[in-house]
Amino acid sequence: MSRREVIAAPAPAPVIRRRQAAQAGRWASQGALYTAVGAFLVLTFVPVVIMLTMSFRNNGQIYSNFWGLPDPWLVGNYTTGFTSIIRYALNSVIYSLISVVLVVILSSLSGYVFARHRFPGKEMLFLLILGLLMIPGVLTLIPSFVLVHQLGLWNTPLALILPWTAGGQVLGIFLCRSFIAGLPPELFEAGRMDGAGEFTLWYKVAVPLLAYLDDAGHPEHGGQLQRLYLAAVGDQRPKPAGGQCGADAVHQLAWGD
């Protein structure tokens with residue numbers, strides 16, 4: 001029996017032309033896309049390159065040959081610029097750190113009071129504090145300036161520290177109050193049984209746990225909170241003769257048992 005060879009018939013010329021036109025259209029669209037992306041990249045990086053080259057030139061070089069390279073390269077411009085702003089940069093860092101510390105202390109203390117204590121008008125006062133979040137900071141610039149000037153704090157570090165501290169407490173109080181209110185009450189009850197006062201409960205129980213806000217929202221991480229509490233206030237419970245009773249012994253206990 002003879003072997004038959006099957007030969008595929010060539011595609012018609014119109015089909016070939018349509019395929020070629022479709023492929024050319026895809027290439028054209030891809031080329032236009034790459035061209036547009038390249039143009040955007042050039043527009044993005046050209047100002048950066050110009051800024052870098054200008055940083056190594058003086059005013060005479062810039063005005064005489066704006067698009068040229070530095071000749072010579074004035075590396076000392078960076079030394080001059082750094083020495084002129086180092087004092088202001090240090091002032092900003094120091095005053096910012098002081099403000100952050102004050103905001104953390106006052107916000108955590110206020111959040112603890114709102115979360116663990118009851119007093120008349122608590123919810124209304126808390127809502128009024130939250131309402132301050134709706135006021136843009138730009139609207140308080142002129143009143144803050146007038147207040148600082150009237151208090152005699154003009155040209156003093158307190159003119160920066162006090163407004164930053166006062167303005168940063170609003171969101172901090174909201175976060176600390178929400179977090180502390182979600183802590184198990186057994187932590188504070190155990191502290192009171194050990195003789196801890198309100199101030200001790202704040203800085204030995206609430207404040208250390210603020211670093212574990214994400215863990216506090218997960219019940220499976222309760223053992224870590226228990227260990228942190230025992231490490232903060234000290235485990236004063238009697239130790240059994242058969243072994244040491246520490247934080248690991250209560251790791252499997254559920255809150256409220």
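The values are calculated or read from the model by the stated rules, or taken from the named source; none is laboratory data. Predicted model, so just to flag it, every value in this text is computed and none were measured. Cβ placement follows ideal geometry from the backbone for every residue including glycine, while neighbour counts extend to all protein chains displayed.
Let me confirm something: among Ile180, Ile129, which residue is aliphatic (A, V, I, L, M), crowded, with 16+ Cβ neighbours inside 10 Å, modelled with pLDDT of 85 or more and within 21 Å of the chain's Cα centre (by Cα)?
Numbers: Ile129 fails: within 21 Å of the chain's Cα centre (by Cα).
The match here is Ile180.
Residues are listed down the side, and each one gets a yes or a no for (1) assigned by TED's automatic domain parsing to the domain that holds Pro163; (2) more than 29 Å from Leu160 (Cβ to Cβ); (3) in contact (Cβ under 8 Å) with a residue 12 or more places away in the chain:
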{"position": "Val49", "(1), (2), (3)": "no, yes, no"}
{"position": "Arg57", "(1), (2), (3)": "no, yes, yes"}
{"position": "Thr79", "(1), (2), (3)": "no, no, no"}
{"position": "Thr83", "(1), (2), (3)": "no, no, no"}
{"position": "Tyr95", "(1), (2), (3)": "yes, no, yes"}
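Of the listed requirements (1) in contact with a Cys (Cβ under 8 Å, 6 or more places away or on another chain); (2) outside any helix (DSSP H, G or I), Trp67 misses just one: (1). Would it be correct to say that Leu225 is modelled with pLDDT of 80 or more, more than 23 Å from the chain's Cα centre (by Cα) and of a type in the set (A, V, I, L, M, F, W, C)? Against the criterion (modelled with pLDDT of 80 or more, more than 23 Å from the chain's Cα centre (by Cα) and of a type in the set (A, V, I, L, M, F, W, C)), Leu225 does not qualify.
Within the range 134-154, identify whether any single residue is in contact (Cβ under 8 Å) with a residue 40 or more places away in the chain and surrounded by 11 or more Cβ atoms within 10 Å (Cβ to Cβ), and answer yes or no. Can you show your working first?
Step one: filter the range 134-154 for residues in contact (Cβ under 8 Å) with a residue 40 or more places away in the chain, giving none.
No: the range 134-154 contains no residue that is in contact (Cβ under 8 Å) with a residue 40 or more places away in the chain and surrounded by 11 or more Cβ atoms within 10 Å (Cβ to Cβ).
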